[in-house]
Each structure stands twice: as structure tokens, then as C-alpha cells.
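Worksheet: the structure to be examined is printed underneath.
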Amino acid sequence: MDYLIFIISLAALIYGADLIINQSGKIALKFGISEYIIGATLIALGTSLPEMAASIGASLQDKGVLAVSNIIGSNILNITLVLSITLILAKNVNPHRDFFAKDSSWALFPVLIFIAVLMGGVVKQDSNEYITEINRVYAFALLSLMVGYILFLLRHDKDTLEISNEIDIEESANFNWLRVTLLLIVGFIFVVKGADYTILSASNIAKSFGVSEWFVGVILVALGTSTPELIVSIVAAIKGKADMAIGNIIGSNMANISIALGLAAFVKPIRLDIAPYFFDISIMVIATLMLVFITANKMYNKPAGISLLALLLIFFEHTIKEIV
């Protein structure tokens, strides 16, 4: 039964992603909004809902390890899996936006602040443990980061929307708010619920093979919660909306750390030993730096995607080795 649920939930994700892309494109066309802003805010927040739900739920259940590992794993996968597959599968990724000039810092800021929070929250340190607490003050600092990012986008973005061949002027003139809103909501429901059941079924399948809870958290839960970003970004790139695809990845990583982890810690402060996760945190930093390098050199091609996959393999190999 779990295998059937997994297939159906994945199909729901794909259908929901298609609805989101189409309706978001119509909104962008209607208001002349940059597709990047749509991808970095509306879609990014929507596809980050599974991470938010998973991390908040884990925090309430005093499972800080699961809350943080989900965020770390999701951010790694968003870059090494989502972006890499987008670059490899898309026929032509040629974004109109200069991501290096405008957005690279916003990909790096949350990671650096996250590290600062972990270092600043240390309450116990010895040879075997490195206990840190993410309290409500740090949670507020994380939440404010997303506010700053959105304000930056709204005030400094001057891009104009590239009208898709799929959305013509006549359709824009016949724009129906009720229809668009309902379809957008339906799309998000399919994506989020599809992700929920993907996580549940995948976890059950993993547990049936005797896999540890840590593996379920950092790999399977992260894979499940990153699936919306994966589907949405691939569909966007294939449809020639590269700005939306990359914006979704950067915005989702912002939302994962600033909102998902921020809300989880605000609801209930998180205390955990981060010593076992130094490698994973390092991989997240390296992946983010690779994203900055790719945008700086406009390496939106298959070799760059393969390089990101290589980092993903290192991450998987280390994690599997640790639990075996």
C-alpha cells in the first residue's frame, strides 16, 4: 500500500506544480511583476510549507534534531538535487535576471546567520558534546531575515515580465481572479498534501527495511519536503521560466532557515548537540558557495549540474556510512 500511496502522492505533486506555474504566470502577466519575484516569494513560500510543518511539528515534540536536520538536508538538496536536475534536464536555462549581482548574497546570508546562531547559542561545550540552543531571540532574528529579503525584492527589482507564449494578451484581458485564486489554492494543496503523503509513505517504506530515524530525518524527510521545489523548478525550467525556477530555489532556502526554523524555535526553543552534524553543515555551506559561483559565472549548463550532483553523492555516501 505504501508504494501505491507514494506513486499517487508524487502524481499529485506534479499536477499541483503545473497549476502553480500556470496561475503564477498569469498573476505576473496581469500586474507586470517579475517572474523572479513570483518564484522567490509566492512559490518559494508555498513549496516550503512542508519544511515548516515538519520542523514546527518536530520542535513541539521535543525533536530538535529532526527539526534542524530537516532544514539542513532540505537546503542541501534544493541546490545539489533540485538545481542540478533543473540544469541537466532543461533544454536551455538562460535567465534574464543577473542573479550574481542581485541575489547571491541572499542565498548566502541565511546560511551565515544560521551558523552565527549555532555558535552564539552554545550552552555547553566539551570534547564529546557541543550543545547549542536556538532561543526565541535567535528565532526572531531568523524571521526578520525573510522580511528584509521581501522588502529588497519589492524595492529594488526592476525586471519586466517576459511574456510566455502560453499566456497571450487576450487571456490576460480575460483574467479571472476567482478562477486563478482557486486553481492556485488547489495547486498548493496538491503540492503540500502530496509532499506529506510522499514523506509518510517513504518513511514507512524505509522503516520496513530497518533504517534509522536519523536517516529518515536528514534524507527521506528532506527529500520529501524538497520534492515540491524539485517538481516546480523542473516544470518552470522546461517551460522556459528559468527566472522562476532559480528564484524558487533561492527563496525556498531563505524560507527554510528564516521561517521554517525561525517559527519552530519561536514556538519552542530548540536545544541539541550539533557536533555530529558539522559535516552536514559544511556541505550546506559548500553547496551555497557553489550556487554563488554558478550565478557569478552564469554556468547554467549541464556540467554545473553534474558538479552539484557530485557534491550530493558525497553527502549521501557520508550519511549512509554513518548509519550503517
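Coordinate-derived values only; no laboratory data. This structure is a prediction, so every number in the text was calculated from the model and none was measured. Virtual Cβ from ideal backbone geometry, glycine too; neighbours counted across all protein chains shown.
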message: Can you give me the distance in nm between label points at Asp273 and Leu112, each placed 7 Å from the Cα along the Cα-to-Cβ direction?
response: 3.2
- prompt: Where a ≥ b ≥ c are the square roots of the eigenvalues of the C-alpha gyration tensor, would you call region 83-156 rounded, which needs a/c under 1.5, or, failing that, prolate if a/b is larger than b/c, or oblate?
  reply: oblate
message: Filter Lys26/Lys302; Lys239/Lys298; Lys207/Lys321 down to the pairs with a C-alpha to C-alpha distance above 24 Å, please.
response: Lys26/Lys302
message: Per residue of region 275-287, what does 6.51 cos²θ - 1.76 cosθ + 1.60 with θ = phi - 60° give for ³J(HN,Hα)? Whole Hz please, x for Gly and Pro, Karplus curve as stated.
response: 3, x, 10, 4, 5, 5, 5, 5, 4, 4, 5, 4, 4
query: For Ser226, Ser282, what ranking results if the residue with the fewest other Cβ atoms within 10 Å of its Cβ goes first?
result: Ser282, Ser226
message: Taking the number of other C-beta atoms within 10 Å as the exposure measure, put Leu83, Leu60 in order starting with the fewest.
response: Leu60, Leu83
- request: Could you go through region 106-116 in sequence order and give the Karplus-derived ³J(HN,Hα) for each residue, using 6.51 cos²θ - 1.76 cosθ + 1.60 with θ = phi - 60°, rounded to whole Hz, and x for Gly and Pro?
  value: 6, 7, 8, 3, x, 5, 5, 5, 4, 5, 4
query: Once all Cα-Cα distances of region 222-324 are split into 5 Å bins that start at 0, what whole-number percent is in each one?
result: 2, 9, 15, 23, 22, 14, 9, 4, 1
statement: Computed from the beta carbon distance with a Förster radius of 25 Å, FRET efficiency for Phe316 and Val292 to the nearest 0.05 stands at 0.65
Whichever lysines have a C-alpha closer than 21 Å to that of Lys124, once near sequence neighbours (fewer than 8 apart) are set aside: Lys63, Lys268
statement: Most packed first (mean Cβ within 10 Å per residue), the peptides 299-306, 135-142 order as 135-142, 299-306
- prompt: Arranged by the count of other C-beta atoms within 10 angstrom, fewest first, what order do Met244, Met254, Met290 take?
  reply: Met290, Met254, Met244
